[in-house]
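Asker: Here you go, one structure.
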Amino acid sequence: MRIIGIDPGLAIVGFAIIDLERGKKTLIDVGVIRTAPELSISERLLEIYKDMEELLKEYKPEHCSIEQIFFSNNVSTAINVAQARGTILLALEKSKIKIREYSPSAMKLAMTGDGTADKKAIQKMLCLELNLDEPPKPDDAADALSLALTLATELR
């Protein structure tokens, strides 16, 4: 079974592709989609949509784990993330991928046993679980991988 984890954002979208076979988790790819700040919001959303469609066609995941929007004090950032997230959800739905949403605290709890864990603790668990020398960079990619592993653990 193939899973894509997605950490949505307007400037950077983190993604991770893993396979889950007989309880074994294998990292296939991890990275980010970046949009240029000089583009209009609609141009950036279109870029995210097109890049997401390409990823979905290339890797053909059956399941997706995506981060829920959490309350933010910065309203414009929250709106931008919500718009990017909606664009991503559209691409996922169009590809008929099963979607599971996780709050940041639910992902932290699944990865470390502590819903308030910091990024360092989560990234340490990533490395242990997938036998990585170091966590993916940037943090958006590592977060996407954590989301994919959270769903893999649930589906196991």
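The values are calculated or read from the model by the stated rules, or taken from the named source; none is laboratory data. This one's a predicted model, so the numbers in the text were calculated from it and none came from an experiment. Positions of Cβ are generated from backbone atoms using ideal geometry, with glycine treated the same way; all protein chains shown enter the neighbour counts.
Asker: Take the conditions free of Cβ contacts under 8 Å to residues at least 60 places away in the same chain, closer than 28 Å to Arg156 by Cα and crowded, with 17+ Cβ neighbours inside 10 Å and apply them to Leu27. Does it pass?
Answerer: Criteria not met by Leu27.
Asker: Quick one: which residue in Lys98, Lys94 is in contact with a strand residue (DSSP E or B) (Cβ under 8 Å, 6 or more places away or on another chain) and farther than 15 Å from Gly9 by Cα?
Answerer: Criteria check complete, one pass: Lys98.
Asker: Here's something else I'd like to know. Name the residues in the range 101-120 that are surrounded by 15 or more Cβ atoms within 10 Å (Cβ to Cβ) and out of contact with any strand residue (DSSP E or B) (no Cβ under 9 Å at 6 or more places or on another chain), would you?
Answerer: Ala106, Lys108, Leu109, Met111, Thr112, Ala117
Asker: Looking only at the range 45-97, count every residue that is modelled with pLDDT of 95 or more, over 16 Å from the mean Cα position of the chain (by Cα) and farther than 22 Å from Leu155 by Cα and tell me the total.
Answerer: Total meeting the criteria: 7.
Asker: Continuing with the same structure: So Ser40 ticks every box in (1) farther than 30 Å from Leu128 by Cβ; (2) small (Gly, Ala, Ser); (3) within 16 Å of the chain's Cα centre (by Cα) but one. Which box is left unticked?
Answerer: All conditions pass for Ser40, except number (3).
Results for (1) more than 24 Å from Ser105 (Cα to Cα); (2) surrounded by fewer than 15 Cβ atoms within 10 Å (Cβ to Cβ), shown as yes or no for each residue.
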residue	(1), (2)
Val32	no, no
Leu39	yes, yes
Ile48	yes, no
Leu56	yes, no
Ser65	no, no
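Asker: Hey, another quick one. How about the range 75-97: which of its residues are surrounded by 13 or more Cβ atoms within 10 Å (Cβ to Cβ) and closer than 18 Å to Pro61 by Cβ?
Answerer: Arg85, Thr87, Ile88, Leu89, Leu90, Ala91, Leu92, Ser95, Ile97
Asker: Does Val30 qualify as being on the phi < 0 side of the Ramachandran plot, in contact with a Phe, Trp or Tyr (Cβ under 8 Å, 6 or more places away or on another chain) and at pLDDT 95 or above?
Answerer: So Val30 passes the test.
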